[in-house]
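Visitor: Have a look at this one before I ask anything.
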Amino acid sequence: MKTVEVTASKNYRVVIGNALLPHLGDFLSQVCKAQKIAIVSDSNVWPLFGKTVTDALAGYETVSFVFPAGEESKNGATYLRLLNFLAENKLTGSDCLVALGGGVVGDLTGFAAATYRRGIAYVQVPTTVLAAVDSSVGGKTAIDLDSGKNLAGAFHQPSLVLCDLDTLNTLPKDIFRDGCAEIIKYGVLYDEGLFAHLEEKGLAFDRKQVISRCVELKRDVVARDEFDRGERQKLNLGHTLGHGIEACSHYEISHGSAVAAGMAMVSRLAQKLGICSASCALRIEQVLKAFGLPTNSQFSAKELYQCALSDKKRSGATVNLILPEKIGFCRIAPTDITKMEAYIEMGR
Ligand code: GLY
């Protein structure tokens, strides 16, 4: 078992290991005084782990809220249903939510926890690679609006993140691969050694070591810039175009695949702008391919540009693009939106 301590507006532990779910109640009792716990999950994850988690919380009164799996559920309607469910079940300000699932479950539950009674505690129990290395850590919570992804949200740190690696064994191959885009992202951003391990091992990477390393890297970023005013924006490597690809596909293309394509595109752009070498851009493209992830998009630069315009990372007339300089270091490049269409074309 590995523990990573996160230092932010609220300090908490990320516990990573095997066979952790049956011990959730013990971990939870160390961080909150809840009497009642609402377990929030989706229709894919609940049948797999709902009973284990409910049994693990036998010392508490538990209620469960299960919604249809998929990004299309991460909306205002599900969010309001969840808030009403919490109120009907009389959860108080000292009670707690448990987010059992991937990024959609974690983001939605976190946003409900941030706003129900002006904020109650919640625990993240990530069951996908993407949630384990990225969305469960750092306190970003959100739902999507009709105009774009994650447009309504709040910063609200969890009280605990419990990452049971055994839950990853049940993931469909494409969902597992999808999360690996975020792991590759950490290598490109911060750690050439991690990147080289991924190049060497491919999908057979050391799960405990790699996931722990990504969480440590995220912990460091969150400690330096919890509220996303500077360096944390680097975690959006590949995301501006990635969110555009997701939106253009009406969310048929998954987050990780879209981010992978976005990462390859900004790497080619960085190469053409003379910011990174051809071998750097090629290594990024090759490792994405080795993981079975896409490295380009079928949408035109014009279509992607239109979607990028509604991205929340846009600030006035500029968008902060994250561009690799070398494996292990990227720069934040404020980019005039009038240049975006041409830049996207350069990256295709
Ligand atoms: N997922 C990016 C961040 O947490 O900042």
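The values are calculated or read from the model by the stated rules, or taken from the named source; none is laboratory data. Only a predicted model underlies this, so the values are computations on that prediction, with no experimental measurement involved. Here the Cβ is made from the backbone with ideal geometry for all residues, glycine too, and neighbour counts use every protein chain on show.
Visitor: Could you figure out which of (1) outside any loop (DSSP other than H, G, I, E, B); (2) away from the ligand (no atom under 16 Å from the Cβ); (3) of a type outside the set (D, E, K, R) isn't true of Ser94?
Guide: Failing condition for Ser94: (1).
Visitor: Would a scan of region 288-310 turn up a residue that is acidic (Asp, Glu) and closer than 15 Å to Gly187 by Cα?
Guide: No - not one qualifying residue is present in region 288-310.
Visitor: Of everything in region 270-311, what is in a loop (DSSP other than H, G, I, E, B) and under 17 Å from Lys326 (Cβ atoms)? Give them in sequence order.
Guide: Leu273, Gly274, Ile275, Cys276, Ser277 - these are the residues of region 270-311 that are in a loop (DSSP other than H, G, I, E, B) and under 17 Å from Lys326 (Cβ atoms).
Visitor: Quick check, is Gly262 among the small types (Gly, Ala, Ser), touching a Lys or Arg at 6+ places or on another chain (Cβ under 7 Å) and either closer than 23 Å to Gly101 by Cβ or without any contact (Cβ under 8 Å) to a residue 40 or more places away in the chain (or both)?
Guide: Details: among the small types (Gly, Ala, Ser): yes; touching a Lys or Arg at 6+ places or on another chain (Cβ under 7 Å): no; either closer than 23 Å to Gly101 by Cβ or without any contact (Cβ under 8 Å) to a residue 40 or more places away in the chain (or both): yes.
For Gly262, the condition - among the small types (Gly, Ala, Ser), touching a Lys or Arg at 6+ places or on another chain (Cβ under 7 Å) and either closer than 23 Å to Gly101 by Cβ or without any contact (Cβ under 8 Å) to a residue 40 or more places away in the chain (or both) - is not met.
Visitor: With Leu48, Leu24 as the choices, which residue is surrounded by 13 or more Cβ atoms within 10 Å (Cβ to Cβ) and under 14 Å from Cys163 (Cα atoms)?
Guide: Answer to the selection: Leu24.
Visitor: Select from region 176-216 the residues that are over 14 Å from the mean Cα position of the chain (by Cα) and β-branched (Val, Ile, Thr) and write down the one among them that is surrounded by the fewest Cβ atoms within 10 Å (Cβ to Cβ).
Guide: Val210
Visitor: If you take the residues in region 54-90 that are surrounded by fewer than 19 Cβ atoms within 10 Å (Cβ to Cβ) and basic (Lys, Arg), which one is farthest from the chain's Cα centre (by Cα)?
Guide: Checking each candidate, the answer is Lys90.
Visitor: Can you give me the number of residues within region 22-55 that are within 12 Å of Leu97 (Cα to Cα) and in a strand (DSSP E or B)?
Guide: Counting residues in region 22-55 that are within 12 Å of Leu97 (Cα to Cα) and in a strand (DSSP E or B) gives 6.
Visitor: Filter region 61-77 down to the residues that are assigned to a helix (DSSP H, G or I), at pLDDT below 95 and touching a strand residue (DSSP E or B) at 6+ places or on another chain (Cβ under 8 Å) and list them by number.
Guide: Glu71
Visitor: Next question. Taking Leu80 and the conditions (1) in a helix (DSSP H, G or I); (2) in contact with a Ser or Thr (Cβ under 8 Å, 6 or more places away or on another chain), which numbered condition does it fall short on, given that it satisfies the others?
Guide: Against the list (1) in a helix (DSSP H, G or I); (2) in contact with a Ser or Thr (Cβ under 8 Å, 6 or more places away or on another chain), Leu80 comes up short only on (2).
Visitor: Hey, another quick one. Considering Arg232, Arg219, which residue is surrounded by fewer than 19 Cβ atoms within 10 Å (Cβ to Cβ) and either touching an Asp or Glu at 6+ places or on another chain (Cβ under 7 Å) or of a type in the set (Phe, Trp, Tyr) (or both)? Before you say what the answer is, go through the steps one by one.
Guide: On the way: Arg219 fails: either touching an Asp or Glu at 6+ places or on another chain (Cβ under 7 Å) or of a type in the set (Phe, Trp, Tyr) (or both).
None of the others qualify; the one that does is Arg232.
Visitor: Conditions: (1) surrounded by fewer than 19 Cβ atoms within 10 Å (Cβ to Cβ); (2) over 20 Å from Trp46 (Cβ atoms). Asn169 meets all but one. Number of the miss?
Guide: Single failed check for Asn169: (2).
Visitor: Looking at Ala8, Ala58, Ala19, which one is on the phi > 0 side of the Ramachandran plot and in a loop (DSSP other than H, G, I, E, B)?
Guide: Ala19
Visitor: I've got another one for you. Before we move on, is Ala121 surrounded by fewer than 20 Cβ atoms within 10 Å (Cβ to Cβ), in contact with a strand residue (DSSP E or B) (Cβ under 9 Å, 6 or more places away or on another chain) and small (Gly, Ala, Ser)? Spell out how you get there, then give the answer.
Guide: Values: surrounded by fewer than 20 Cβ atoms within 10 Å (Cβ to Cβ): no; in contact with a strand residue (DSSP E or B) (Cβ under 9 Å, 6 or more places away or on another chain): yes; small (Gly, Ala, Ser): yes.
Spelling it out, it is not the case that Ala121 is surrounded by fewer than 20 Cβ atoms within 10 Å (Cβ to Cβ), in contact with a strand residue (DSSP E or B) (Cβ under 9 Å, 6 or more places away or on another chain) and small (Gly, Ala, Ser).
Visitor: Report the residue count in region 1-20 for those that are over 20 Å from Val129 (Cβ atoms) and among the aliphatic types (A, V, I, L, M).
Guide: Residues that pass the stated criteria total 1.
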